[in-house]
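S.K.: One structure follows; several queries about it will come next.
The values are calculated or read from the model by the stated rules, or taken from the named source; none is laboratory data. Just so it is clear, the model here is predicted, and its values are computed rather than measured. Methodologically, a virtual Cβ is constructed for each residue, glycine included, from the backbone with ideal geometry; neighbour enumeration extends over all protein chains shown.
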């Protein structure tokens, strides 16, 4: 029998919160020691969840719902790699997302020489690990 998935709510505690804390820690979030020790979803944890939700354009509720769990899974998959990663959002001057633009990445080495690393096409968000980008040929 399957159990219904219940979102993690404020002040809930237990193993599910401990797992969330571990995931948030892998993503670089620093959480209050009191929340970690008590395995409680407090304000520090909620702030971290809200930040993650905003990063993935989800409603910033601070609650761990299904969409947020999926975003955590995606973020952990990207964090568990040793590849360099570039993430960000690009906007045009008037505030609309900049879609369909080619973004090129370079490494400026000693002496000012630019070494091309790769390029990607925007879809309002740029999130590309370097090894998967197509190399720029000259």
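S.K.: Quickly run through segment 53-80 and pick out the residues that are surrounded by 12 or more Cβ atoms within 10 Å (Cβ to Cβ) and modelled with pLDDT under 80.
M.R.: Result: 78, 79.
S.K.: Being in contact with a strand residue (DSSP E or B) (Cβ under 6 Å, 6 or more places away or on another chain) and in a loop (DSSP other than H, G, I, E, B) is the filter here; which residues of segment 14-62 pass it?
M.R.: Within segment 14-62, 39, 41 qualify.
S.K.: Another question about this same structure. When you scan segment 90-103, do you find a residue that is outside the structural domain of residue 55 (by TED's automatic domain parsing), in a loop (DSSP other than H, G, I, E, B) and modelled with pLDDT under 75, even just one?
M.R.: No: segment 90-103 contains no residue that is outside the structural domain of residue 55 (by TED's automatic domain parsing), in a loop (DSSP other than H, G, I, E, B) and modelled with pLDDT under 75.
S.K.: Residue by residue through segment 104-128, note down the ones that are outside any strand (DSSP E or B) and either within 13 Å of the chain's Cα centre (by Cα) or modelled with pLDDT of 80 or more (or both).
M.R.: If we filter segment 104-128 for residues that are outside any strand (DSSP E or B), which is where we start, we get 109-113, 124.
Answer for segment 104-128, where residues must be outside any strand (DSSP E or B) and either within 13 Å of the chain's Cα centre (by Cα) or modelled with pLDDT of 80 or more (or both): just 113.
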